[in-house]
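Written out below as structure tokens is the structure these notes cover.
The values are calculated or read from the model by the stated rules, or taken from the named source; none is laboratory data. Note that the structure is a prediction, hence the values are computed from the model and not measured. As a convention, Cβ positions derive from the backbone with ideal geometry for all residues, glycine included, and neighbour counts pool all protein chains shown.
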Amino acid sequence: METTNQSAVTPGPTPINLGQRKDFTEACTTSLKDHPKPCSNTFGTAIYATEEQEFWLLPERAASSMKEAMHALENQIAPSKSRDARIKGLDDSGLLEYFLEPKLSTFLQGEQRQRMEEIEAQEPNIEMDPGMVLRSRKEVKLAKEKEAPKAEAPKADTQRSRIDQLQSEIDGQNRIHDDYSALIKLRSEYLELKKLAIAAAKEKGNTYENGALFSAGAIEARARVQNYLEKRKALISEGGIAPQAQEDIAKLLETDKKKRDELQKCLQTCEGDTYAYLAWKHGEAKSFAYHEYTDSIAKVSEYGLALPEFALISGDDITTGIEQFKLYLDTEKQQSEINNRLREKYKNWIEATGQNAQAPAGLVDVERAEWDRLQTVKQGLHEKAKQKVAADTVRRHLLWEPEQFEPQPIDRLVKDGFPLREVSTLSASGTPLRWLSLLNIRGCQNF
């Protein structure tokens, strides 16, 4: 028997009555004017941001705001103003509040920072040995007692007075013991906070050495100066500094790159090619050492330090500066040889006369005149270097004796989010670098 299944039909929802249909023709008429696109491929200027090491293209409006901010900051901290006026300018610009005293406690937050500063205020010599701290306290107390007038005459020596004196000494010893224990506990707490502060300082790129804070830049500058001294010493020990043309060094580096690229592309056994490359590089060792030496000079200059070779450059060719510095070293060597001749002459004079008598006039006139001439050459080169560095558009410090270089500790810390920016603009003439505060730019107050 055939059967059929019929599904039940479910009634739909009741339609909603929206009322009479409205006419939107008049409300939707297109009467809006054309607006410029939100992004444009036309820019007002280009800048180079030194911190980010990037070139930025800016629209005219942003370039104008930046120019106004630069002008405002220049007026606020102009070098022609007095120190107090410049500090006021920093304050007016909103930059002064970002500077902090270079203390380890500034790297801590909240209760830890507060506690570390409390301990430092309570005991300035907290890092000293506790015994020495207590001894210092005692000396200060005795000095004050000597200056203070005596209140009363000493008591008569009776049995009671001796007992009181003994008890007083016992109490004094107990106080010393308690003070010593409390000081050890306080010092331990402080050293733990100090350890946390040093770790926080390192996270921000700083270094803590010999009780002072150093920036990452200062430590890197020291490393670069030491690298320069090592490269220079290696070159001098291998027969002296022999200047080479920049073109020759460029060809050497180009050849080296080609040889290394060929080795990297080698798909079969390349043992023979590797040995040939190493033999070639060994034969050019002096030229590679010279390149490392010149490269180290340039790297030091990147940190605001002008070595003698850099300061004596004429034009853009570093070879000229190296030749001038080589003249300085040769002059020093000649002076040293003259000093040896002077000592030898005095020695022969003493041996000939048998006494330590004054040498006759004119005995060393020739050597003295030559020494003075050489000294004039050295002083002239030094003065030339100072004038060159002072005249350069990029400010650098002349490091004439790099062996004596020591990095300078941080004299001011800066809060995170420091709004000062350094840029180089296309329109700048004679001033390649300019500075601005983001606080002076409209819309950047909450940066």
Among residues of the range 285-324, those that are in contact with a Leu (Cβ under 6 Å, 6 or more places away or on another chain) and touching a residue at least 40 places away in the same chain (Cβ under 8 Å), counted:
10
With the range 197-289 as the region, which helices (runs of 4 or more DSSP H) entirely inside it contain at least 2 residues that are of a type outside the set (D, E, K, R), modelled with pLDDT of 90 or more and in contact with a Pro (Cβ under 9 Å, 6 or more places away or on another chain)?
216-237
When every residue in the range 56-84 that is exposed (fewer than 13 other Cβ atoms within 10 Å of the Cβ) and of a type in the set (Lys, Arg) is compared, the one modelled with the highest pLDDT is 83
Pairing a residue in the range 37-49 that is on the phi < 0 side of the Ramachandran plot with any residue that is modelled with pLDDT of 60 or more and part of a loop (DSSP other than H, G, I, E, B), where Cβ atoms lie under 8 Å and the two sit 6 or more apart in sequence or on different chains, gives 40/59; 42/59; 43/59; 44/59; 45/426; 45/427; 46/426; 47/426
Look at residue 273 and say whether it is crowded, with 16+ Cβ neighbours inside 10 Å and among the charged types (D, E, K, R).
no
Identity of the residue in the range 299-335, farther than 20 Å from residue 386 by Cβ and in a helix (DSSP H, G or I), that ends up nearest to the chain's Cα centre (by Cα):
299
Taking the range 361-419 and keeping residues in contact (Cβ under 8 Å) with a residue 40 or more places away in the chain, of a type in the set (Val, Ile, Thr) and over 30 Å from residue 209 (Cβ atoms) leaves 377
Restricting to the range 171-214, and then to whatever is in contact (Cβ under 8 Å) with a residue 24 or more places away in the chain and of a type in the set (Gly, Ala, Ser), can you tell me which residue is surrounded by the fewest Cβ atoms within 10 Å (Cβ to Cβ)?
212
